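As structure tokens, the structure follows; a few thoughts come after it.
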Amino acid sequence: MPLDAPTARPGLSPKGPPRADQALASDARFWDRLSTKYAASAVSDPQAWSRTIERTRERLLPADCVLELGCGTGSTALRLAGGVSDYLATDLSEDMIAIARAKLEAAPPGPLSFQVATAESIAPVPGGYDVVLGFNYLHLVRELSVTLSHIRALLRPGGLLITKTPCIGEMNILLRGVALPVMQILGKAPYVGTFREAQLTDAMRLAGFEILEREIHVARGTDHRPWLVARRV
Ligand SMILES: C[S@@+](CC[C@H](N)C(=O)[O-])C[C@H]1O[C@@H](n2cnc3c(N)ncnc32)[C@H](O)[C@@H]1O
């Protein structure tokens, strides 16, 4: 799709300023290109992922209406959706969602559906979502505080945001300050926000969330990726 026609993507808002739309279209193209490889690649830390799934599942109730943002190829959604009444999993990338839908066809019927959307473009549901999930996603949004405000507006009062996000600002300076920018110039790494954990949690509080739980699930390596449960206040 040409850069000057980003709003033609289905499911994405046509309302943003042109530069923001161009950035979104460029991000979508990056993730579209990566989708097949992403679907085929093994989870880098399976033990950590299982722990995240398990701890998140404990927070979900059978009557919950759940929204997942940045769901990728739907692996987490397929694991969690069986325990709730409605689960809408969304992603910016049409190609990620196409792969997720193909997986869904092979799965038993349930409350799960997939949609191309962002936090900014998604339509609210009456009463609000009970839970919004975002795994390996918040570091990829261009304007963290804006996205967090949209997420808050999508939740019912008291609803939960459960997220696990790499805090790039905690990474080794050589990786963050040299390797990452080079990879971005070469088109091998996406746009990423470079916040530290404290900046993330401050932004969440400022957007109207109270942090209820914080855990580190990493079993391998030095990755700084806190699992956070926050309540809309
Ligand atoms: C690293 S993958 C994570 C996928 C999945 N949540 C997981 O943990 O395996 C990041 C995903 O976020 C999506 N994404 C990036 N920016 C986004 C945005 N602004 N809104 C919605 N999705 C976005 C990408 O298309 C990609 O599928």
Restricting to segment 153-181, count the residues that are under 22 Å from Leu133 (Cα atoms) and aliphatic (A, V, I, L, M). 7
Tell me the residue from Arg232, Arg196 that is buried (at least 16 other Cβ atoms within 10 Å of the Cβ) and on the phi < 0 side of the Ramachandran plot, please. Arg232
Looking at this structure, is Leu138 crowded, with 20+ Cβ neighbours inside 10 Å and either of a type outside the set (Lys, Arg) or touching a helix residue (DSSP H, G or I) at 6+ places or on another chain (Cβ under 9 Å) (or both)? yes
Could you check segment 100-117 and list, in sequence order, the residues that are in a loop (DSSP other than H, G, I, E, B) and under 14 Å from Thr73 (Cα atoms)? Ala106, Ala107, Ala117
For segment 217-233, which positions are within 30 Å of Arg33 (Cα to Cα) and not in a loop (DSSP other than H, G, I, E, B)? Pro226, Trp227, Leu228
If only one of Ala117, Ala106, Ala123 is touching a Ser or Thr at 6+ places or on another chain (Cβ under 9 Å) and not hydroxyl-bearing (Ser, Thr, Tyr), which one is it? Ala117
Filter segment 118-144 down to residues that are part of a loop (DSSP other than H, G, I, E, B), within 9 Å of the ligand (Cβ to nearest atom) and not small (Gly, Ala, Ser) and give me whichever is nearest to Ala48 (Cα to Cα). Asn136
Residue identified as in contact (Cβ under 8 Å) with a residue 24 or more places away in the chain, touching a strand residue (DSSP E or B) at 6+ places or on another chain (Cβ under 9 Å), of a type outside the set (Gly, Ala, Ser) and surrounded by 19 or more Cβ atoms within 10 Å (Cβ to Cβ) among Val125, Val132: Val132
Name the single residue, out of those in segment 71-89 being out of contact with any Leu (no Cβ under 6 Å at 6 or more places or on another chain) and not in a helix (DSSP H, G or I), that is nearest to the ligand (Cβ to nearest atom). Gly72
Enumeration of residues in segment 26-70 that are in a helix (DSSP H, G or I), within 11 Å of the ligand (Cβ to nearest atom), surrounded by fewer than 18 Cβ atoms within 10 Å (Cβ to Cβ) and β-branched (Val, Ile, Thr): Ile53
Among the numbered conditions (1) at positive phi; (2) modelled with pLDDT under 95, tell me where Asn172 comes up short. (1)
If you check every pair at least six apart or on different chains, which have Cβ atoms under 7 Å apart with a residue in segment 189-215 that is aromatic (Phe, Trp, Tyr) first and a residue that is loosely packed, with under 14 Cβ neighbours inside 10 Å second? Phe209/Val233
Of the conditions (1) closer than 30 Å to Leu61 by Cβ; (2) away from the ligand (no atom under 16 Å from the Cβ), Arg176 satisfies every one except a single condition; which number is it? (1)
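The values are calculated or read from the model by the stated rules, or taken from the named source; none is laboratory data. The structure displayed is predicted, hence computed values, not measured ones. Cβ atoms come from the backbone with ideal geometry, glycine included; neighbour counts cover every protein chain shown.
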